[in-house]
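Report on the structure given below.
Coordinate-derived values only; no laboratory data. Fair warning: this is a prediction, and the values are worked out from it, not measured in the lab. In this analysis, Cβ positions are derived from the backbone assuming ideal geometry, glycine residues included, and neighbour counts consider all displayed protein chains.
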Amino acid sequence: MATTRKVACVLVVWALVAAGLGPVSARAPLGRKPQREFDYFALSLQWPGTICASTRHCCASNGCCRSEPLQWFTIHGLWPDYDDGTWPACCRRTQFEMDKILPLKDMLDKYWPSLYCSSSSTCFSGKGPFWAHEWEKHGTCSAPVVQDELQYFTIALDLYFKYNVTEMLSSGGIQISNGKEYALSEVIDTIKHAFGGSPQIVCKRGSVEELRLCFDKELKPRDCLTTSLTNGSVSRTKHCPQYIKLPKYDPLVLANSTGEIMTQFDHFEVSAAIYTA
């Protein structure tokens, strides 16, 4: 858990799931090379209907375990990335401090929840909450755009609300969480038209798992990288299928005190694939 310090100002991103957060990484890590200034941000959003289908245990911190299902995209993180498909990580030695983001906590709980029960790994604090992982690994590499913890989370939330993917899809006639299949090209074109840049989509067994919007360092929309620019970290044979789903999930039910839960997706696979427009 984090220690306690003070707050700062206001005003964000890429890497797929790190240790303890999920099953798949879709990019090549930078490794131990000197970490230069990043090139662009990726705002990575999660579709709870897909992720929560794999949940097998409940806990207080897991958004999948709430009595009402999450029916909107939630934030995974705001990630600074390089144009060559790598990304910086853990750039500045600083620890996450919950006190600094208390003014945002209600919004973070609703729109940036963890969808897992395991504690997240952090760069400098051992294990900690989901937000600690995102700040220490990605937020600390977001300078000069981001200077402090509060600013990092504020910018991410600002981008999330300004470019509301759930509303973009709905306005384009793609009614999410209704179990229907939609042409991948239709989803991509709908986002591109509303957002002004091509998104990147990560799929799990034909369902959208993550959708990423990319921004330049002035926080203006830009295209996300194509798979051909990701150093071979994503196979061209692992694109999302021609038709994709944004599935529903039933609210998870605690079966006993150990947090064992049951869902209607007992045999949902965890293999993932990625598509970039």
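Some observations on this one:
- Cα-centred dipole magnitude for region 40-170, charges only on beta-carbon of K, R (+1) and D, E (-1), debye, nearest 20: 360 debye
- ³J(HN,Hα) computed for each position of region 195-210 - Karplus, 6.51 cos²θ - 1.76 cosθ + 1.60, integer Hz, glycine/proline x: 8, x, x, 6, x, 10, 10, 10, 10, 10, 6, x, 10, 5, 9, 9
- Each of SER171, SER121 was scored by other Cβ atoms within 10 Å of its Cβ. Arranged with the fewest first, they read SER171, SER121.
- The stretch between GLN147 and ASP83 holds 20.9 nm of extra length on full extension. This uses 0.36 nm per residue minus the Cα-Cα distance.
- The trypsin sites (Lys or Arg not before Pro) found in region 84-193 that occupy coil by DSSP, while having at most 12 further C-beta atoms within 10 Å, are ARG93, LYS180.
- Listed cross-link partners LYS192/LYS217; LYS192/LYS245; LYS137/LYS248; LYS105/LYS204; LYS217/LYS248; LYS180/LYS220 are compared with a 27 Å cut-off, the Cα-Cα value being larger for LYS137/LYS248; LYS105/LYS204; LYS217/LYS248; LYS180/LYS220.
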